[in-house]
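Visitor: Here it is, the structure, as structure tokens.
Each value in this text was obtained by applying a stated rule to the coordinates, not by laboratory testing. Since the structure is predicted, the reported quantities are computational estimates derived from the model, not experimental observations. Don't worry about glycine lacking a Cβ; one is built from the backbone with ideal geometry, like all the others, and counts go over all protein chains shown.
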Amino acid sequence: MREGCRVVYGHMPLPEFLALVQQASDHEVLHADTARMLEATAVIGLPGALARLRRRETPAAVERVRARLGRAALRLDPDALRWLAAGEHGPACLALFLLLTGVRPHRYRGTPRDFPRDGGAFRRCRLLIEQVPSLRQALAVLAERVSEPGVAEWAALAQSWDDICAHMDHEAPDWRCGAIEASGTTAVLACFRELEAA
């Protein structure tokens, strides 16, 4: 137990893992981003305990990211390193990070085709831009790359970023708080996928 959270390292047979999950209260959550941050197999805890654990462990996680990136870490500001260490990740926001910084996140093997397909994925992309303000300028540069093969849908998304954010704010005003249901935002994102297919 750390900060009231159960942290599992290494291999855990499925029956033992299921037993661990069944022991959790209805208010506890299995938090993949915290597990990634701690380089653990699983982390289960109450939201408040998870937040405390994340705050306490972020500095060490940032140093692990810095060491893993080596010289590439020199191209990133502290906010970017913190996001890599402790931010919410998914394929789309990792692809966006790579497009905006030129630095490939550890364990990310995706491509720019990892475009946000729904409101939840776009939410994580928004969190990236919000938590790493220096990337806002790079987003404007991305918006100009419309003729670059494989990047057109991202460029179009970057051009429409503020409008999509405004739509999402209206549709899901509490989007920062966690998973959202944003069918309108998902529908808007589908238009960009059609652009890439054209």
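Visitor: Enter the angle in degrees (range 0 to 90, nearest 10) between the Cα long axis of helix 14-23 and the first principal axis of the Cα atoms of the chain, meaning the one along which they spread out most.
Guide: Tilt relative to the chain: about 80 degrees.
Visitor: Okay, next question. Give, as a single signed number, the net charge of other residues whose beta carbon lies under 10 Å from the beta carbon of residue 172, with Lys and Arg counted +1 and Asp and Glu -1.
Guide: So the environment of residue 172 carries a net charge of -2.
Visitor: Let me ask you something else. Going by C-beta contacts inside 10 Å, put 37, 168, 1, 12 in order with the fewest on the left.
Guide: Numbers: 37 24, 168 20, 1 8, 12 14.
So the residues, fewest neighbours to most, are 1, 12, 168, 37.
Visitor: Would you mind ranking 183, 160, 147 by Cβ crowding within 10 Å, fewest neighbours first?
Guide: Working: 183 11, 160 15, 147 8.
Lowest count first: 147, 183, 160.
Visitor: Just how large is the dipole of the chain about the Cα centre, in debye to the nearest 20, putting +1 at every Lys and Arg Cβ and -1 at every Asp and Glu Cβ?
Guide: 980 debye
Visitor: Just checking my list (i) 0.97; (ii) 0.95; (iii) 0.99 against Rg/Rh (Cα atoms, Kirkwood Rh) computed from this structure; which label fits?
Guide: Label (iii) holds the value from this structure.
Visitor: Still on this structure: Can you tell me the 0 to 90 degree angle between the C-alpha axis of helix 161-171 and the longest principal axis of the chain, rounded to 10?
Guide: Value to nearest ten degrees: 50.
Visitor: Output the 0 to 90 degree angle, nearest 10, between the alpha-carbon long axis of helix 119-131 and the longest principal axis computed from the alpha carbons of the chain.
Guide: 90 degrees
Visitor: When a footprinting reagent is the concern and you count Cβ atoms within 10 Å, what order do 97, 192, 122 take, fewest first?
Guide: 192, 97, 122
Visitor: Moving on. If R0 is 25 Å, what FRET efficiency do you get for residue 71 and residue 109 from their C-beta distance, rounded to 0.05?
Guide: The computed FRET efficiency comes out at 0.75.
Visitor: How big is the gap, in Å, between the Cα center of the stretch 1-33 and the Cα center of the stretch 143-171?
Guide: What the calculation gives is 38 Å, centre to centre.
Visitor: Using only DSSP helix segments of four residues or longer, with each worth -39500 (n - 2.57), what per-residue ellipticity at 222 nm results for the chain after dividing by its residue count and rounding to 500?
Guide: Taking each H run of at least 4 residues, the total per residue is -18000 deg cm²/dmol.
Visitor: How far apart, in nanometres, would the label points at residue 130 and residue 144 be if each is projected 7 angstrom from Cα along the Cα-to-Cβ direction?
Guide: Label at residue 130, label at residue 144, 2.8 nm between them.
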